[in-house]
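For reference, the structure is listed below as structure tokens.
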């Protein structure tokens, strides 16, 4: 009986560690997603603010 309890305690310890690691990953991804969302919104505002008749020109880069 004692061995089973020790085994369960070990499993719980590993699960707690894994849960903390996953929480760190999710938190990092959430922060990155927030940053990308803000960047996308800023780019949208730049494009919208460039004028109604603004045309995107597809020209070759100078190194061609």
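Flag: residue 8 does not match the condition of being surrounded by 10 or more Cβ atoms within 10 Å (Cβ to Cβ), modelled with pLDDT of 95 or more and either under 29 Å from the mean Cα position of the chain (by Cα) or at positive phi (or both). Residue 35 passes every criterion in (1) surrounded by 10 or more Cβ atoms within 10 Å (Cβ to Cβ); (2) not in a helix (DSSP H, G or I) apart from (2). Are any residues in the stretch 42-60 modelled with pLDDT of 80 or more, under 32 Å from the mean Cα position of the chain (by Cα) and part of a loop (DSSP other than H, G, I, E, B), and if so, which ones? The one that is modelled with pLDDT of 80 or more, under 32 Å from the mean Cα position of the chain (by Cα) and part of a loop (DSSP other than H, G, I, E, B): 49. Starting from the stretch 42-64, keep only residues that are on the phi > 0 side of the Ramachandran plot, then list their pairs with residues that are modelled with pLDDT of 80 or more and surrounded by 10 or more Cβ atoms within 10 Å (Cβ to Cβ) whose Cβ atoms are within a distance under 6 Å, requiring at least 6 positions of separation or different chains. Close Cβ pairs satisfying both conditions: none exist.
The values are calculated or read from the model by the stated rules, or taken from the named source; none is laboratory data. Quick caveat, the model's predicted, so the values are computed rather than measured. For neighbour counting, all protein chains shown are included, and Cβ atoms are generated from backbone atoms with ideal geometry for every residue, glycine included.
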